[in-house]
Each structure stands twice: as C-alpha cells, then as structure tokens.
Amino acid sequence: MAILYALVARGSVVLAEFSATATNASVIARQILEKLPGNHDSHVSYSQDRYIFHVKRTDGLTVLCMADDTAGRRIPFAFLEDIHQRFVRTYGRAVLSAQAYAMNDEFSRVLSQQMEYYSNDPNADRINRLKGEMSQVRNVMIENIDKVLERGDRLELLVDKTANMQGNTFRFRKQARRFRSTVWWRNVKLT
C-alpha cells in the first residue's frame with residue numbers, strides 16, 4: 001500500500017485522521033504540523049526513514065499523508081488535493097471553528113477509502129491512466145495503418161491484374177479480327 005496515513009488539520013488542531021498501519025506516523029505528523037512555517041499556502045514533503053510525509057496547506061487547512069518512498073510525489077499530492085476538496089465540500093465553513101477530532105468519525109472513512117483507491121487503483125494516477133489510453137490509441141492506429149497498407153498491396157495487385165487483363169483483351173481483339181478476316185477471305189475464295 002502506497003499511502004499509509006492521512007490527516008486533516010486546521011493549524012495544529014487535528015480535525016480527522018486515519019492510519020492503515022500501526023506506526024508512529026501520528027506523532028511525527030503532529031511535529032510536522034507544529035513546525036510548518038507561516039500560514040501561507042504550500043506543498044512540501046519531508047522524509048522520515050523509508051517514508052515520505054507530504055503536506056498541502058491551502059486557506060489555513062492542512063492535509064497531510066505518509067506514503068512509501070516508492071510512491072513518488074504525484075500520487076500522494078493528487079490524494080491530498082482530492083481529500084482537501086472533499087473536506088471543504090463536506091464541512092465548508094464549519095472547519096474554521098471545529099474542535100479537535102470533530103470530523104474524525106465521519107471523515108476517517110473517507111480517508112480510508114481514498115487511501116485505498118490512490119494506493120491500489122491504477123486509474124488514480126491521471127498521468128499513468130492517460131499514458132495507458134495513449135498506448136491503446138497508438139496500438140489501434142498501428143493496426144489501422146497495417147490494414148490500410150494491406151489494402152494498398154491488394155489494390156496494387158488488383159491494378160496489375162487489371163492491366164494484364166487489358167493487355168490480354170487487346171491481343172484477343174487483334175487475334176479475333178485476324179481470325180475473322182482469315183475466315184472471311186476463306187469464304188470469299190470458296191464462293
């Protein structure tokens with residue numbers, strides 16, 4: 001599993017969190033929340049052992065996740081963006097005055113589902129999904145080009161056969177005229 005821990009906080013007040021494994025991620029996440037510089041929007045990543053903590057702060061709301069170092073940055077930040085949008089859409093302005101863990105009962109399920117989705121579903125990564133779609137389109141185009149080339153070869157063969165038949169037609173017509181002329185002269189001599 002790529003994403004193992006996630007939380008949503010306002011400043012250093014944790015509003016919702018979910019952990020897929022038994023780690024000290026919660027303690028480290030709180031330390032990161034306390035040490036985040038300023039109140040302005042940011043996207044940062046912190047390394048701890050073989051895990052990376054990805055943090056997205058927007059409009060005073062901080063979304064954080066812990067992922068394997070093999071997950072890269074694209075998938076975790078896509079996860080964070082999705083969680084931020086879902087959280088704001090679900091709770092709106094209530095976030096500004098909520099108590100610690102006020103949204104944990106409801107939103108921890110969402111965190112769990114989205115962690116599962118972004119960790120295991122190949123469609124979660126838009127770029128990989130687009131690459132897959134582009135690969136499929138490329139394969140279809142190659143097949144179509146091959147079919148057109150086959151048709152072209154068949155058309156060339158057909159054109160060659162047509163030219164050959166046309167030549168045979170002219171020879172047949174010439175021989176038919178000669179034969180008719182020969183038969184006519186033979187008939188004339190007999191009469």
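Out of (1) more than 30 Å from ASP121 (Cα to Cα); (2) within 45 Å of the chain's Cα centre (by Cα), what's the single condition that is false for TRP185?
Checking TRP185 against (1) more than 30 Å from ASP121 (Cα to Cα); (2) within 45 Å of the chain's Cα centre (by Cα), the one that fails is (2).
Which condition number in (1) open to solvent by less than 20 Å² (accessible area, probe 1.4 Å); (2) without any contact (Cβ under 8 Å) to a residue 40 or more places away in the chain is the one that ARG89 fails?
ARG89 satisfies every listed condition except (1).
Would the range 95-105 turn up any residue that is in a helix (DSSP H, G or I), open to solvent by 80 Å² or more (accessible area, probe 1.4 Å) and in contact (Cβ under 8 Å) with a residue 24 or more places away in the chain?
Going residue by residue through the range 95-105, those that are in a helix (DSSP H, G or I) are 95-97, 104-105.
Filter once more, so that each one left must be open to solvent by 80 Å² or more (accessible area, probe 1.4 Å): 96-97, 105.
In the following step, the residues that additionally are in contact (Cβ under 8 Å) with a residue 24 or more places away in the chain were identified as 96.
Looking through the range 95-105, at least one residue is in a helix (DSSP H, G or I), open to solvent by 80 Å² or more (accessible area, probe 1.4 Å) and in contact (Cβ under 8 Å) with a residue 24 or more places away in the chain.
Test each condition in (1) open to solvent by 50 Å² or more (accessible area, probe 1.4 Å); (2) modelled with pLDDT of 85 or more; (3) out of contact with any strand residue (DSSP E or B) (no Cβ under 8 Å at 6 or more places or on another chain) for ASP82 and report the one that comes out false.
(1)
Can you tell me which residue is nearest to LEU7 (Cα to Cα) among those in the range 30-44 that are among the polar types (S, T, N, Q) and open to solvent by 40 Å² or more (accessible area, probe 1.4 Å)? Write out each step before concluding.
Filtering the range 30-44 for residues among the polar types (S, T, N, Q) gives 31, 39, 42.
Right, trim to open to solvent by 40 Å² or more (accessible area, probe 1.4 Å) and you get 31, 39.
Working: GLN31: 13, ASN39: 18 Å.
Out of the qualifying residues, it is GLN31.
The values are calculated or read from the model by the stated rules, or taken from the named source; none is laboratory data. Nothing here was measured: the structure is a model prediction, and the numbers come from that model. When we count neighbours, we look across all protein chains shown, and the Cβ atoms used for this are built from the backbone with ideal geometry, even at glycine. Just the protein is used for accessible areas: all its heavy atoms, side chains included, with ligands, DNA and RNA removed. Shrake-Rupley method; radii C 1.70, N 1.55, O 1.52, S 1.80 Å.
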